[in-house]
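Here is the structure we will look at, set down as structure tokens.
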Amino acid sequence: ALLFITVYTADGFYEFVEDHCVFNSTKLDDIEYIRSYYYNKLEYTRFSSSVGKYVGYTEYGVRNAEAWNKDTGDLAAMRAAKETYCLNNVGNDHEAAL
């Protein structure tokens, strides 16, 4: 799986965003793109290409998900990330593993 992490810290608090691709083959149908938002190691919101929208796991995360799901442009970009972000990189990883 591909994994990229962006880290933001301030005054001892730890927030990060993790993008990764889960795959069984190089076929687009077998790839899932996931972007998770964490605060102090607790995942509060996630976008999954399998679900097609943001899902909140905490009170704060639910409010974020509701607001972000109203932004159709952002949702379209996140749904497209499966192909633009994962597909080429998964192909590279798959070839390297073989």
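The values are calculated or read from the model by the stated rules, or taken from the named source; none is laboratory data. Note that the coordinates shown come from a computational prediction; the quantities given were computed from them, not determined experimentally. So basically every Cβ, Gly included, is an ideal-geometry build from the backbone, and we count neighbours across all protein chains shown. SASA here: full protein model, heavy atoms, side chains in, ligands and nucleic acids out. Shrake-Rupley method; radii C 1.70, N 1.55, O 1.52, S 1.80 Å.
Collect the residues in the stretch 79-88 that are over 12 Å from the mean Cα position of the chain (by Cα) and either aliphatic (A, V, I, L, M) or at pLDDT below 80 (or both), keeping them in residue-number order.
Selection gives L87, N88.
Kindly list, by first and then second residue, each pair from a residue in the stretch 67-81 that is free of Cβ contacts under 8 Å to residues at least 60 places away in the same chain to a residue that is surrounded by fewer than 16 Cβ atoms within 10 Å (Cβ to Cβ), limited to pairs with Cβ atoms under 8 Å and residues at least 6 apart or on different chains.
So the pair list comes out as W68/D74; N69/K53; L75/G52; L75/K53; R79/G52.
Quick one: is K70 at pLDDT 95 or above, of a type in the set (D, E, K, R) and in contact with a helix residue (DSSP H, G or I) (Cβ under 8 Å, 6 or more places away or on another chain)?
It is false that K70 is at pLDDT 95 or above, of a type in the set (D, E, K, R) and in contact with a helix residue (DSSP H, G or I) (Cβ under 8 Å, 6 or more places away or on another chain).
Identify the residue in the stretch 56-90 that is charged (D, E, K, R) and over 21 Å from C21 (Cα atoms) and, among all such residues, is least open to solvent (accessible area, probe 1.4 Å).
Ranking the qualifying residues of the stretch 56-90, first place goes to D71.
Report, by residue number, each residue of the stretch 40-55 that is open to solvent by 60 Å² or more (accessible area, probe 1.4 Å) and either touching a Pro at 6+ places or on another chain (Cβ under 8 Å) or not β-branched (V, I, T) (or both).
Matches in the stretch 40-55: N40, K41, L42, R46, S50, K53.
Do you know which residues across the stretch 48-64 are part of a helix (DSSP H, G or I) and of a type in the set (G, A, S)?
G61, the sole residue that qualifies.
Which residues, counting only those in the stretch 11-39, are open to solvent by less than 50 Å² (accessible area, probe 1.4 Å), over 18 Å from M78 (Cβ atoms) and not hydroxyl-bearing (S, T, Y)?
none
Which of the residues belonging to the stretch 33-47 are of a type in the set (S, T, N, Q) and part of a strand (DSSP E or B)?
Within the stretch 33-47, S36, T45 qualify.
Pull out all pairs, ordered by first then second residue, where Cβ-Cβ is under 9 Å, the residues are six or more apart or on different chains, the first lies in the stretch 21-32 and is within 17 Å of A80 (Cβ to Cβ) and modelled with pLDDT of 85 or more, and the second is surrounded by 13 or more Cβ atoms within 10 Å (Cβ to Cβ) and among the basic types (K, R).
Pairs found: C21/K82; I31/K82; E32/K82.
Could you list, in sequence order, all residues of the stretch 48-74 that are under 13 Å from I34 (Cα atoms) and not hydroxyl-bearing (S, T, Y)?
Answer for the stretch 48-74, where residues must be under 13 Å from I34 (Cα atoms) and not hydroxyl-bearing (S, T, Y): V51, G52, K53, V55.
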